[in-house]
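K.L.:
Below you'll find the structure I mean.
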Protein chains: 2
Amino acid sequence: MLGDRTKTTIEPIRRLLRRGANAQVRKIVNKTHAADLSAAFRTLTFPDQKKLFSMIHDLEQKGLVFAELDEDLFLRIIEDMGVDEIVNILDTMASDDVADLMERFPDNLATEILRKMEKEGSAEVEGLLRYDTDTAGGIMVPDFVAVSKNTTAEQAIASLQKEYIDVEMPFYLYVTDDYGRLAGVSSLRQLVVVPPETPMKEFMTSDVYRVSTDTDQEEVARIVARYDILAVPVVDEDNKLVGIITVDDVIDIIRREATEDMFKMAGVGEEFVETQSVIKSTRIRLPWLFASCLGGVLAYFIIGRFEASLKQMTYLAAFIPVIMGMGGNIGTQSSTIVVRGIATGRINIRDLWKVVGKELSVGMILGAFYGFVVGGVAFLTHDKWALSFAVSLAVISSMSIAALVGSMFPLVFARLHIDPAVATGPFVTTSVDILSVFFYFQIATLLLNL
Amino acid sequence: MLGDRTKTTIEPIRRLLRRGANAQVRKIVNKTHAADLSAAFRTLTFPDQKKLFSMIHDLEQKGLVFAELDEDLFLRIIEDMGVDEIVNILDTMASDDVADLMERFPDNLATEILRKMEKEGSAEVEGLLRYDTDTAGGIMVPDFVAVSKNTTAEQAIASLQKEYIDVEMPFYLYVTDDYGRLAGVSSLRQLVVVPPETPMKEFMTSDVYRVSTDTDQEEVARIVARYDILAVPVVDEDNKLVGIITVDDVIDIIRREATEDMFKMAGVGEEFVETQSVIKSTRIRLPWLFASCLGGVLAYFIIGRFEASLKQMTYLAAFIPVIMGMGGNIGTQSSTIVVRGIATGRINIRDLWKVVGKELSVGMILGAFYGFVVGGVAFLTHDKWALSFAVSLAVISSMSIAALVGSMFPLVFARLHIDPAVATGPFVTTSVDILSVFFYFQIATLLLNL
């Protein structure tokens, strides 16, 4: 059974490091999976982190840990390392992992590293770096098995034993023509089950799911998830097979994208800021709060103009929180549903009116319900019709408007090719604040002066 | 290139159905992937949906579509189907997919179906139904390759051609002892590369990542994602191998869990309500808004007690939105970070004080900044020290408290084994509303009477 890795790995490492039992730490470290080591790193102080890294004996293990470290820690650890030491580690790593790390190095260091790396490795890495990080080209591995149409099953298997012995996940074998263009695919299982002398062309699937180098990574993830495949081939403009993206990388994409969307909607940047310094976290979150502050200040000016009504009925102020709060919550509900729906392909942006219509209906029904509740509270405590009606109508309008705005903004942004997750938060919050407050005081003033 | 499936599949189906070109619809339908068909279903009216389903000729394709349909639609389509017709379709499906569907059938229908299904299939399904849906036992497939330690590579490959010819993804072969207990694993690739007469025990990995039948599905997903494996074996209390969970199912878990968390935090239930009726959607969302309403009503009573201050300085009311808004937003930021961090394993619940401390610091810095901004606006428009200070201090305290509450609640809930995502939303919103308003008026009253 997989034990809680905190107990089996992380705690022991901490304890032994503190006690200075270095030999024992080395033993654990060199047989622990890199992903678990990275979790252990997060719990240590920086001096202990440096110490732990230096205890990793195996260069390949060092490379695997490199790929798993959080960005901040990675940069601090390489600060004290010589270029040659870094290059030796990178030479053991898969080129897609190296390409990902290259993004993190300061430019001059990156250039020097590429120069010093072994020719074959650095050429592959440079090839990958040509592509944008968030595209298929940027995540693919140029590490795949390709055979020709006339290769027999037997010959293909033999190539796995020689030529392609190092390919990480050879579960699909791709069939290419003389120009390297993708013609078909077969699974390793099919290879093993057909008569050995059968040529690939007789049992391969020619209708291959494929993506191009500029396909967005979210789309790649959607395709792998939708069709339950273990890898998807990547082709260039000439349909030449240039790499594959395996399902483990897709899982990472899906997780990161989900985190990214959640964070964008809350205005906390795009990645995990929790492991970064207070200063950095503050800097990332400050700008997004500005939109909210602006909305609040505008609301202040709006209320200011209704000073007369407030003097007339001071109790109007007491309902501001509940009206804004209910509106804000429904707005969040609607925008969360729509943003997530767009991201997972459940909502089609062509269905704008259908989706907005439904959300508005829900908003109005819920608004009517809670409008009745809050209006009831107002009436029971004040016995004033005008006030109770004003409050009820304000709640209904606030919630309906919020549902409308919350569902519409993400769809409009998606149509304009703006990321709905990042634009929705501030826009929805600010609009709902201002509109709720405006309608409330307008309605109240009208009813109070009847 | 994978075209936009809307253009290549969904639109044509709609058009042809409308035109009554049934033969052509049948042609498309019988060569389209079930996942794409399901997307097409979503865009049709119910009569067209029934028509489309009846046009699917292949029983196995019908089964695949069954598994992909949204719950509502599934129940409506089977309403008009006889039990025998349903059983025939289910008999073609994998038992884990059948087990999932069983959950949806009304109880008496489910019993009848199980009775009528082919003996082997129904026994497997009943076996799976014993487990809770959200556990490894509930998602696993009892469909794997198991050989003994002394089996040679050659013999194992032969078993893939005969005995295990129907196993869906035989990329890992498991090694079990005479009692069926898990002893090791080998990949298909290893099998193909070692000399054919080598026995499994010589090249298998004995240190196998495994989960037990009661392991939570989120934990299963974490393990598969962390160690980059394509499948994880599931064992019972006696360490007997009872099933495997493949990476494609894990991808579905990860997506669903991310959607679930996002929805829980916004108070929209757990699954996609967008495809459900307005009534159902309203019913799901109504209760969660109640907590927010309660908070707003409590805030109303609090402000009511400060009526005197309001009469003295009506302008106090105008700052309520911005103070509550800023607090609410920071509260959302903090709770989003912490809830997501716990879910992805980036934040350890033992680090409560460290995490809360960091969030509080960020809250105080951002509070100081925006407190200055808003206080400045107050001063520039009113030229009153007392009011400006009150507003500034209110913003600072509101934001600091929100950061504290927003980060602490999820961690405390997680420690008490309560789902942080579902509890956090209402608790944080309500507390922040009440506390912000209370501190604001308390501070303002104090300063105004100095």
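The values are calculated or read from the model by the stated rules, or taken from the named source; none is laboratory data. On a predicted model such as this, the values are computed, not experimentally measured, just so you know. Glycine also receives a Cβ, built like all others from the backbone with ideal geometry; neighbour counts cover every protein chain displayed. Areas reflect the complete protein model, heavy atoms only, side chains present, ligands, DNA and RNA absent. Shrake-Rupley method; radii C 1.70, N 1.55, O 1.52, S 1.80 Å.
K.L.:
Which condition breaks for A:MET117 when tested against (1) open to solvent by 70 Å² or more (accessible area, probe 1.4 Å); (2) farther than 30 Å from A:ARG222 by Cβ?
P.N.:
Of everything listed in (1) open to solvent by 70 Å² or more (accessible area, probe 1.4 Å); (2) farther than 30 Å from A:ARG222 by Cβ, A:MET117 misses just condition (1).
K.L.:
Still on this structure: Any idea which of (1) open to solvent by 20 Å² or more (accessible area, probe 1.4 Å); (2) under 18 Å from A:THR282 (Cα atoms) is the one B:SER334 doesn't satisfy?
P.N.:
Failing condition for B:SER334: (1).
K.L.:
Considering only helices (runs of 4 or more DSSP H) fully contained in region B:142-257, which possess at least 2 residues that are among the hydrophobic types (A, V, I, L, M, F, W, C) and within 30 Å of A:MET262 (Cβ to Cβ)?
P.N.:
Counting at least 2 such residues, we get B:217-227.
K.L.:
Can I ask one more? Taking region A:144-168 as the region of interest, how many residues are within 11 Å of chain B (Cβ to nearest Cβ), surrounded by 14 or more Cβ atoms within 10 Å (Cβ to Cβ) and either touching a Lys or Arg at 6+ places or on another chain (Cβ under 8 Å) or free of Cβ contacts under 8 Å to residues at least 12 places away in the same chain (or both)?
P.N.:
Count: 2.
Here is a yes/no grid of residues against (1) at pLDDT 90 or above; (2) under 17 Å from A:SER186 (Cβ atoms):
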{"site": "A:SER122", "(1), (2)": "no, no"}
{"site": "A:VAL125", "(1), (2)": "no, no"}
{"site": "A:LEU129", "(1), (2)": "no, no"}
{"site": "A:THR133", "(1), (2)": "no, no"}
{"site": "A:GLY138", "(1), (2)": "no, no"}
{"site": "A:ASP143", "(1), (2)": "no, no"}
{"site": "A:VAL147", "(1), (2)": "yes, yes"}
{"site": "A:ALA153", "(1), (2)": "yes, yes"}
{"site": "A:ALA158", "(1), (2)": "no, yes"}
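K.L.:
Let me ask another. Among what's in region A:15-50 and is open to solvent by 40 Å² or more (accessible area, probe 1.4 Å) and closer than 27 Å to B:ILE229 by Cβ, pick the residue that is nearest to the chain's Cα centre (by Cα).
P.N.:
Filtering region A:15-50 for residues that are open to solvent by 40 Å² or more (accessible area, probe 1.4 Å) and closer than 27 Å to B:ILE229 by Cβ, the one nearest to the chain's Cα centre (by Cα) comes out as A:ARG42.
K.L.:
Is there a residue being facing chain A (nearest Cβ under 9 Å), touching a residue at least 24 places away in the same chain (Cβ under 8 Å) and polar (S, T, N, Q) anywhere in region B:290-299?
P.N.:
Taking every residue of region B:290-299 in turn, at least one turns out to be facing chain A (nearest Cβ under 9 Å), touching a residue at least 24 places away in the same chain (Cβ under 8 Å) and polar (S, T, N, Q).
K.L.:
Right, next: In region B:372-427, what residues are within 10 Å of chain A (Cβ to nearest Cβ) and among the β-branched types (Val, Ile, Thr)?
P.N.:
Result: B:VAL373, B:VAL374, B:VAL377, B:THR381, B:VAL391, B:VAL395.
K.L.:
Search region B:325-342 for residues being in contact with a helix residue (DSSP H, G or I) (Cβ under 6 Å, 6 or more places away or on another chain) and of a type in the set (A, V, I, L, M), and hand back the single one that is farthest from the other protein chains (Cβ to nearest Cβ).
P.N.:
Filtering region B:325-342 for residues that are in contact with a helix residue (DSSP H, G or I) (Cβ under 6 Å, 6 or more places away or on another chain) and of a type in the set (A, V, I, L, M), the one farthest from the other protein chains (Cβ to nearest Cβ) comes out as B:ILE342.
K.L.:
Considering only region B:204-228, state which residues are hydrophobic (A, V, I, L, M, F, W, C) and without any contact (Cβ under 8 Å) to a residue 24 or more places away in the chain.
P.N.:
Residue satisfying the conditions is B:ILE223 alone.
K.L.:
Sticking with this structure for a sec: Does region B:258-276 hold any residues that are surrounded by fewer than 19 Cβ atoms within 10 Å (Cβ to Cβ) and either at positive phi or at the interface with chain A (Cβ under 9 Å from one of its Cβ atoms) (or both), and which are they?
P.N.:
Answer for region B:258-276, where residues must be surrounded by fewer than 19 Cβ atoms within 10 Å (Cβ to Cβ) and either at positive phi or at the interface with chain A (Cβ under 9 Å from one of its Cβ atoms) (or both): just B:THR275.
K.L.:
Looking at B:ARG255, B:ARG283 in this structure, which one is modelled with pLDDT of 85 or more and more than 7 Å from chain A (Cβ to nearest Cβ)?
P.N.:
Unique residue meeting the criteria: B:ARG283.
K.L.:
Would you mind finding the one in B:MET102, B:MET81, B:MET93 that is open to solvent by 20 Å² or more (accessible area, probe 1.4 Å) and under 29 Å from the mean Cα position of the chain (by Cα)?
P.N.:
Result of the check over B:MET102, B:MET81, B:MET93: B:MET93.
K.L.:
Just to check your reading of the model, which residue among B:PRO426, B:PRO410, B:PRO420 is closer than 21 Å to B:MET364 by Cα and within 21 Å of the chain's Cα centre (by Cα)?
P.N.:
Of the residues listed, the single one that is closer than 21 Å to B:MET364 by Cα and within 21 Å of the chain's Cα centre (by Cα) is B:PRO410.
K.L.:
Same structure, new question: Being at negative phi and not in a helix (DSSP H, G or I) is the filter; apply it to region A:342-388 and report the residue that is least open to solvent (accessible area, probe 1.4 Å).
P.N.:
Ranking the qualifying residues of region A:342-388, first place goes to A:ILE347.
K.L.:
Which of (1) surrounded by fewer than 24 Cβ atoms within 10 Å (Cβ to Cβ); (2) farther than 30 Å from A:GLU271 by Cβ; (3) at the interface with chain B (Cβ under 8 Å from one of its Cβ atoms) is the odd one out, the single condition A:VAL437 does not satisfy?
P.N.:
(1)
K.L.:
For region B:307-324, give me the residue count where each residue is of a type in the set (Gly, Ala, Ser) and either buried (at least 24 other Cβ atoms within 10 Å of the Cβ) or at the interface with another protein chain (Cβ under 8 Å from one of its Cβ atoms) (or both).
P.N.:
The total comes to 2.
K.L.:
Here's something else I'd like to know. Which of the residues that make up region A:200-212 are surrounded by 19 or more Cβ atoms within 10 Å (Cβ to Cβ) and either more than 8 Å from chain B (Cβ to nearest Cβ) or not hydrophobic (A, V, I, L, M, F, W, C) (or both)?
P.N.:
Correct list: A:MET200, A:MET204, A:VAL208, A:ARG210.
K.L.:
Do we have any residue at all in region B:215-238 that's farther than 25 Å from B:ALA94 by Cα and either of a type in the set (A, V, I, L, M) or buried (at least 22 other Cβ atoms within 10 Å of the Cβ) (or both)?
P.N.:
Looking through region B:215-238, none of the residues is farther than 25 Å from B:ALA94 by Cα and either of a type in the set (A, V, I, L, M) or buried (at least 22 other Cβ atoms within 10 Å of the Cβ) (or both).
K.L.:
Check off (1) over 22 Å from A:TYR370 (Cα atoms); (2) not in a loop (DSSP other than H, G, I, E, B) for A:ILE418 and give me the number that stays unchecked.
P.N.:
It fails just one condition, (2).
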